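J.: First the structure, which I've put down as structure tokens, then a few questions once you've had a look.
Quick note: the coordinates plus some simple rules give every number you see, no bench work behind them. Quick caveat, the model's predicted, so the values are computed rather than measured. Positions of Cβ are backbone-derived with ideal geometry, glycine not excepted, and every protein chain shown enters the neighbour counts.
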Amino acid sequence: MGENLASTDAGSPLAIGVDIGGTTIKAAIVGVGGDLLENFCEPSPRSVSALRDFVHSVLKRAKMPLQGIGIGCKGVIDTASSRVKSLPGDLQFLEGQLLSDVVEAGDLTVCAENDARTALIAEVLWGAARGRRNVVLLTLGTGVGGAALVDGVIIRGDGGAAGHLGQVTLDLRGGLCICGNYGCLETHFSSRAIESDYAAHLYRAAPAKLSLDSTGQTPNTEAIFRAAAAGDESARHVLDCAFEYLAAAIVSFLHIFDPEIFILGGNIAAAGPQLLTPIQDKVARRTKIVLGREVPIVFQKATGYGGVAGAAGLVFLKQRLLAI
Ligand SMILES: [Zn+2]
């Protein structure tokens, strides 16, 4: 994020941030000003030992004294113990694990939190939500995560699961979701949803410019956005439908939380105006009566790496070098 250049000075506090996503694992050496000094990215680990090896490879690059390691992870995380309480899907091997044990970092402080909350923490400490007290964030990636700052407090709920905004029901007769619910936002707007919908169009031989690759792999979300911009009819239709669902969900969240700003993060946010423009139009029309104003919808400041910075932010908060 690089706003506070002083934090790059020698001797300024540093921490490692790690963001364990469904597709990639990212990390960075992060300064107390939120600046990313060195970035790391690999396909997501599929075993405890692969995760440990990744973190150790990052630790080797961080030669200066560190304040600790912060980890953002999908699912429900017990922040007091760093235990992964619930994590369905490709990262299920982490369920029940203490992340502080997994990384084997000796005496270093290890903090862990849900990845959408770490993304929100980054925005509150250094990004688009600096100084705000009511903020909602959605991470749009393989799945959809959410986090909310309500009257200055990040909501966690009784069991730590509050803010799972990707699991809001949008379609009563919708498909079965990874979470066990039906018709969730995540089943309509996520890279998995967009890619599987586009694959269904290819399967039906609808007019489309992309095709499965030689291994039968569906085009990825980034390619589908590009194809839509280039006039691919199937890509356009898939995205138009997905935008309708995302806009409907954001309308609901604005009515529930009444935030000062609404932040979109995650890999799909890299689509920029192609995503934001249709969403803004739909949302503004449907919220003006109750809210009485247009709530700004903005992008996460460090798209793709916001969760990493926020994970390091957990350490700075714990060491009382920063405060929300
Ligand atoms: Zn769900």
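J.: Using θ = phi - 60° and the Karplus curve 6.51 cos²θ - 1.76 cosθ + 1.60, what whole-Hz ³J(HN,Hα) does each residue of region 83-93 get, with Gly and Pro shown as x?
T.: 7, 7, 7, 8, 7, x, x, 4, 9, 4, 4
J.: Per residue of region 30-36, what does 6.51 cos²θ - 1.76 cosθ + 1.60 with θ = phi - 60° give for ³J(HN,Hα)? Whole Hz please, x for Gly and Pro, Karplus curve as stated.
T.: 10, x, 5, x, x, 7, 8
J.: Another question about this same structure. Which entries in Lys74/Lys288; Lys60/Lys318; Lys26/Lys63; Lys26/Lys209; Lys26/Lys288 show an alpha-carbon gap greater than 28 Å?
T.: Numbers: Lys74/Lys288 33 Å; Lys60/Lys318 23 Å; Lys26/Lys63 19 Å; Lys26/Lys209 32 Å; Lys26/Lys288 38 Å.
Those over the limit are Lys74/Lys288; Lys26/Lys209; Lys26/Lys288.
J.: Name the residues whose placed amide hydrogens come within less than 5 Å of the amide hydrogen of Leu37, ignoring near sequence neighbours (fewer than 5 apart) on the same chain.
T.: Ile29, Val30, Gly31
J.: Can you tell me the relative contact order of the chain? Whole percent, Cα pairs under 8 Å, sequence separation 6 or more.
T.: Values: 696 pairs, mean separation 67.4, N = 324.
Reported as a whole number, the value is 21 percent.
J.: For Gln97, what residues show an amide H to amide H distance below 5 Å, using hydrogens built from the backbone and excluding near sequence neighbours?
T.: Answer set, sorted by chain and number: Val84.
J.: Okay, next question. Could you list the trypsin sites (Lys or Arg not before Pro) in region 235-324 that lie in coil according to DSSP, counting only those with at most 15 other Cβ atoms within 10 Å of their Cβ? Present the calculation step by step, with values, prior to reporting the outcome.
T.: On the way: sites: Arg236, Lys282, Arg285, Arg286, Lys288, Arg293, Lys301, Lys318, Arg320; in loops: Arg293, Lys301, Arg320.
Sparse-neighbourhood loop trypsin sites (Lys or Arg not before Pro): Arg293, Arg320.
J.: May I ask you to derive the relative contact order of region 1-149, considering only C-alpha pairs under 8 Å and at least 6 residues apart, and to give it as an integer percent?
T.: Across region 1-149, relative contact order equals 21 percent.
J.: I would also like to ask the following. Within the chain, which whole H helices from DSSP have a Cα span along their axis of at least 15 Å and a mean Kyte-Doolittle hydropathy of 0.5 or more, if any?
T.: Details: long enough: 48-61 (20 Å, 0.26); 115-126 (16 Å, 0.72); 191-203 (18 Å, -0.40); 233-257 (36 Å, 0.98); 273-291 (27 Å, -0.07); 306-318 (18 Å, 1.44).
Once both thresholds are applied, what remains is 115-126, 233-257, 306-318.
J.: What is the order of Leu321, Leu264, fewest Cβ neighbours within 10 Å to most? Walk me through the numbers before you get to the answer.
T.: Details: Leu321 14, Leu264 23.
The fewest-first ordering by Cβ neighbours comes to Leu321, Leu264.
J.: Using Cα pairs under 8 angstrom and six or more residues apart, how large is the relative contact order of region 142-217, in percent? Please report the intermediate quantities before stating the final value.
T.: Numbers: 84 pairs, mean separation 17.2, N = 76.
Relative contact order comes out at 23 percent.
J.: Taking H placed 1.01 Å from N in the peptide plane, check which residues at least 5 places from Thr24 or on another chain put their amide H under 5 Å from its amide H.
T.: Ser44
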